[in-house]
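The values are calculated or read from the model by the stated rules, or taken from the named source; none is laboratory data. Keep in mind the model is a prediction, meaning the values are calculated, not measured. Backbone-built Cβ (ideal geometry, glycine too); neighbour counts: all protein chains shown. The protein model used for the area step is the full one, side chains on, heavy atoms only, and it has no ligands, DNA or RNA in it. Shrake-Rupley method; radii C 1.70, N 1.55, O 1.52, S 1.80 Å.
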Amino acid sequence: LGKFLWNYTKRESVFLASKTHDRTYEGTLSLVEDSLRRLNTDYLDLLQLHDLREKEDLTEIFSGDGAIHALEELKKQGKVRFLGITGHHDPDILIEAVKRYDFDTILLCANAGDSHYLPFITTVIPEARKKGMGVIAMKVTSQGHALSSIKMEEAFGFSLSQDVDLAIIGCKTPREVEQNASLAMNFKPLRKEELANIKDKTRNSVAETNFFKKGMY
């Protein structure tokens with residue numbers, strides 16, 4: 001991306017998000033500096049604390065030598081515009097993180113099978129909205145596993161019909177990018193009956209649609 005992206009578009013026209021899996025101050029600063037160099041840019045629009053899973057993650061991040069201090073320093077320096085968190089393991093951990101700090105965004109799983117096991121949609125999203133956070137949906141198709149029970153347009157439509165601001169979807173081919181872009185541009189919120197029908201189709205695919213959550217693997 002750093003070698004080619006800016007040959008085709010202006011930096012200010014791109015919202016560039018990245019993550020840090022490191023829980024420490026020094027480790028996070030090092031990762032971000034490396035990312036900026038490799039991406040050939042002076043700043044990230046969004047930096048997210050990646051994959052919060054256990055209470056130990058929060059303890060380390062918010063400690064005296066924790067990553068949260070690196071995020072705050074990078075923001076003061078203008079190297080990061082917004083701060084966020086991500087997670088798909090345990091909704092309680094994300095809720096605690098949301099209550100402990102005024103993050104700008106949260107990236108969480110929001111798919112048609114979410115309600116069947118350790119739901120994030122009905123628990124984490126309301127807490128994030130109380131804090132005025134932006135909400136980003138992921139695991140829309142559970143890495144494709146949900147597509148054994150529902151169609152792509154149903155999976156995408158279900159996620160976008162939740163209280164989210166956008167959804168990110170991994171694509172394997174340019175054709176998938178085009179198809180997903182078309183679905184997004186033509187999206188209309190689904191009715192309650194449609195949402196219930198899609199959710200019901202995933203009732204026998206609980207493991208497939210929630211394989212990434214605590215206790216499922």
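Quick notes
- Rolling a 1.4 Å probe across the protein heavy atoms gives the chain an accessible surface of 54 Å² per residue.
- Too-long pairs where the Cα-Cα distance tops 25 Å, listed order kept, from 10/151; 76/99; 55/214; 75/214; 55/130: 10/151; 75/214
- Over the chain: helical MRE at 222 nm, DSSP H runs n ≥ 4 each giving -39500 (n - 2.57), nearest 500: -11500 deg cm²/dmol
- Screening the chain for whole DSSP H helices of 20 Å or more along their axis (Cα) with average Kyte-Doolittle hydropathy at least -1.0 returns 25-39.
- Accessible surface of the chain, 1.4 Å probe, proportion on carbon and sulfur as whole %: 51 percent
- Straight-line reach from residue 199: taking Cα to Cα under 17 Å and skipping same-chain neighbours fewer than 8 places apart, the aspartates and glutamates in range are 114, 153, 154, 163, 208.
- Residue-span extension gain [residue 211 to residue 63] - 0.36 nm each, minus C-alpha spacing: 50.2 nm
- Looking at the range 1-102, the GluC sites (Glu not before Pro) that sit in a DSSP loop and have at most 12 other Cβ atoms within 10 Å of their own Cβ are 54.
- In this label model, residue 188 and residue 40 are separated by 4.3 nm, measuring between points 7 Å along each Cα→Cβ vector.
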